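Structure, as structure tokens:
The values are calculated or read from the model by the stated rules, or taken from the named source; none is laboratory data. Quick caveat, the model's predicted, so the values are computed rather than measured. FYI the Cβ positions are ideal-geometry reconstructions off the backbone, even for glycines, and counts take in every protein chain you see. These accessible areas exclude ligands, DNA and RNA; they are computed on the full protein's heavy atoms, side chains included. Shrake-Rupley method; radii C 1.70, N 1.55, O 1.52, S 1.80 Å.
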Amino acid sequence: MTVIEGVGYTERAAQVGEFWVAADLKTRKIVRLSLHVSADHLSSSGKPWTFVQPLGNTAIPSAFKQN
């Protein structure tokens with residue numbers, strides 16, 4: 001799925017990659033998300049993730065909705 005991130009610019013909504021970093025001899029998992037956040041977050045003090053809008057209509061597993 002792609003999302004609009006700017007005028008004439010789209011990007012994948014979610015990306016993940018695993019990289020070996022020779023400098024510190026560790027594997028890094030890099031995750032990039034582009035999520036639509038409701039404007040209500042500006043005037044509320046709730047948990048930030050509760051203002052993220054769904055990417056689609058696929059049901060979110062209940063385990064991901066728990067605090």
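Of the residues making up segment 38-63, those that are under 26 Å from GLY17 (Cα atoms) and assigned to a loop (DSSP other than H, G, I, E, B) number 9.
Quick grid of which residues meet (1) among the hydroxyl-bearing types (Ser, Thr, Tyr); (2) free of Cβ contacts under 8 Å to residues at least 40 places away in the same chain:
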residue	(1), (2)
ILE4	no, yes
TRP20	no, yes
LEU25	no, yes
VAL31	no, yes
LEU35	no, yes
SER38	yes, yes
LEU55	no, no
ALA63	no, yes
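Somewhere in segment 8-24, is a residue within 21 Å of ASN57 (Cα to Cα), touching a Ser or Thr at 6+ places or on another chain (Cβ under 7 Å) and either assigned to a helix (DSSP H, G or I) or open to solvent by 60 Å² or more (accessible area, probe 1.4 Å) (or both)? Outline the logic, then answer.
In the first step, residues of segment 8-24 are kept if they are within 21 Å of ASN57 (Cα to Cα); the result is 10-15.
Restricting the remaining residues to those that are touching a Ser or Thr at 6+ places or on another chain (Cβ under 7 Å) gives 10-13.
Keeping just the survivors that are either assigned to a helix (DSSP H, G or I) or open to solvent by 60 Å² or more (accessible area, probe 1.4 Å) (or both) gives 10, 12.
Yes, segment 8-24 contains at least one residue that is within 21 Å of ASN57 (Cα to Cα), touching a Ser or Thr at 6+ places or on another chain (Cβ under 7 Å) and either assigned to a helix (DSSP H, G or I) or open to solvent by 60 Å² or more (accessible area, probe 1.4 Å) (or both).
Just one of the numbered conditions (1) surrounded by 11 or more Cβ atoms within 10 Å (Cβ to Cβ); (2) part of a loop (DSSP other than H, G, I, E, B) is not true of ILE4: (2).
Out of the residues in segment 45-55 that are open to solvent by less than 90 Å² (accessible area, probe 1.4 Å) and either modelled with pLDDT of 85 or more or in contact with a helix residue (DSSP H, G or I) (Cβ under 7 Å, 6 or more places away or on another chain) (or both), state the one that is farthest from ALA14 (Cα to Cα). This residue is LYS47. Against the condition outside any strand (DSSP E or B) and either in contact with a His (Cβ under 7 Å, 6 or more places away or on another chain) or surrounded by 10 or more Cβ atoms within 10 Å (Cβ to Cβ) (or both), how does LEU35 come out, does it pass? So LEU35 fits the description; yes.
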